[in-house]
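*Asks:* My questions will all concern the structure given below.
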Amino acid sequence: MKPHRIRMTHALLGRYGLLDQMQVFRPHPARDRDLCRFHADDYVSFLRSVTPETQQDQIRALKHFSVGEDCPRLRRYGDLYNENNVAISGIHTHAGPGGYL
């Protein structure tokens, strides 16, 4: 879920007085080693390093990892890494006992 949608949902729950009846957890950003449980090390390193300014210098890597091929309007790569890092961390946090799968 995008950060803006999370904020809107949280505000809506607050307006309805539902936050008092819930246990709210804050996700922690996933570490590279957490992401590497599901993705190759070089892919995670690539996502961490590519930016809109450097993407033209990394055309070969973009094609290798199929980034942007199926979604030409893919949002900024740096934002992609940071937003999904928190989203994936939330999924891992709530996936099972102890927080991780």
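*Asks:* Of the residues R60, R73, only one is under 23 Å from R5 (Cβ atoms), loosely packed, with under 14 Cβ neighbours inside 10 Å and either modelled with pLDDT of 60 or more or not β-branched (V, I, T) (or both); which?
*Replies:* Values: R60 fails: under 23 Å from R5 (Cβ atoms).
Criteria check complete, one pass: R73.
*Asks:* Which residue is nearest to the chain's Cα centre (by Cα), if the candidates are limited to the range 39-58 and must be without any contact (Cβ under 8 Å) to a residue 12 or more places away in the chain and assigned to a loop (DSSP other than H, G, I, E, B)?
*Replies:* H39
*Asks:* Quick one: in the range 23-46, which of the residues that are in contact with a helix residue (DSSP H, G or I) (Cβ under 7 Å, 6 or more places away or on another chain) and aromatic (F, W, Y) is surrounded by the most Cβ atoms within 10 Å (Cβ to Cβ)?
*Replies:* F46
*Asks:* Here's a follow-up. Name the residues in the range 1-36 that are in contact (Cβ under 8 Å) with a residue 40 or more places away in the chain and not acidic (D, E), would you? Break it down into steps so the answer makes sense when it comes.
*Replies:* Pass one, the range 1-36, residues in contact (Cβ under 8 Å) with a residue 40 or more places away in the chain: 1-3, 25, 27-30, 34-35.
Answer for the range 1-36, where residues must be in contact (Cβ under 8 Å) with a residue 40 or more places away in the chain and not acidic (D, E): M1, K2, P3, F25, P27, H28, P29, A30, L35.
The values are calculated or read from the model by the stated rules, or taken from the named source; none is laboratory data. Note that this is a predicted model, so its numbers are computed, not measured. Every residue, glycine among them, receives a Cβ derived from its backbone with ideal geometry; neighbour counts consider all protein chains shown.
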